[in-house]
1. Report every pair of residues separated by at least 6 positions or lying on different chains whose Cβ atoms are under 9 Å apart, first residue within the stretch 37-48 and in contact (Cβ under 8 Å) with a residue 24 or more places away in the chain and closer than 16 Å to Ser138 by Cβ, second assigned to a helix (DSSP H, G or I) and open to solvent by 40 Å² or more (accessible area, probe 1.4 Å).
2. Looking only at the stretch 11-46, which residues are open to solvent by 80 Å² or more (accessible area, probe 1.4 Å) and at pLDDT 90 or above?
3. Considering only residues of the stretch 108-154 that are open to solvent by 50 Å² or more (accessible area, probe 1.4 Å) and among the small types (Gly, Ala, Ser), which is nearest to Glu67 (Cα to Cα)?
4. Which residue is farthest from the chain's Cα centre (by Cα), if the candidates are limited to the stretch 85-104 and must be open to solvent by less than 40 Å² (accessible area, probe 1.4 Å) and among the polar types (S, T, N, Q)?
5. How many residues does the stretch 54-68 hold that are modelled with pLDDT of 65 or more and surrounded by 10 or more Cβ atoms within 10 Å (Cβ to Cβ)?
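The values are calculated or read from the model by the stated rules, or taken from the named source; none is laboratory data. On a predicted model such as this, the values are computed, not experimentally measured, just so you know. Quick reminder, even Gly has a Cβ in these numbers, built from the backbone with ideal geometry, and neighbours come from all protein chains shown. All accessible areas refer to the heavy atoms of the entire protein, side chains included, with ligands and DNA or RNA removed. Shrake-Rupley method; radii C 1.70, N 1.55, O 1.52, S 1.80 Å.
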Amino acid sequence: MTRIIVYSFCLLLLSNCGFSVLKRPPINFEIVNIDTVGDKKINFKLRNDLLFLKENNQEKLIEIKIETIKNKDIKEKNDKNEITKYEINIVTNVEYNYLDDPQKSKFTIVESGDYVVDKQHSKTVNNEKNLIRTLVDSLSEKLLLNLTMKLNDL
């Protein structure tokens with residue numbers, strides 16, 4: 001009986017040790033220049049997200065070129081041939097390189113989602129804006145995670 005109590009007490013202490021997994025690795029580079037091509041609203045948000053996390057006095061200096069393509073397609077129609085859902089795809093091509101190294105590396109991130117067409121046009125526009133904001137937030141997180149993973153490997 002005492003063994004059970006001791007084992008359960010040890011299990012309780014060890015399970016609450018306070019260890020937590022980091023969502024992203026530490027940033028060990030500094031972004032010197034960001035060039036953007038494509039959709040201006042998406043690029044503005046991505047650029048601000050990257051510059052907000054800028055670390056000063058890092059050894060690794062990089063340049064980034066971001067190309068975004070936003071596609072809006074019809075996803076569903078009803079019996080009256082009216083559009084009920086749209087799908088938005090955002091394709092982001094990222095090209096980066098060190099300032100002292102002319103070799104460039106690339107990766108691509110794709111985010112997609114859909115939104116419902118409402119009876120009022122203003123609600124439909126708000127649905128589209130909210131979806132784009134959500135997709136861009138997810139896109140910026142993935143972009144930063146990919147950059148840190150790839151640059152930490154080098």
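1. Lys45/Arg133; Lys45/Asp137
2. Lys40, Lys41, Phe44
3. Checking each candidate, the answer is Ser112.
4. Asn97
5. As a first pass, look at the stretch 54-68 and keep what is modelled with pLDDT of 65 or more: 58-68.
Narrowing further to those that are surrounded by 10 or more Cβ atoms within 10 Å (Cβ to Cβ): 58, 60-68.
The total comes to 10.
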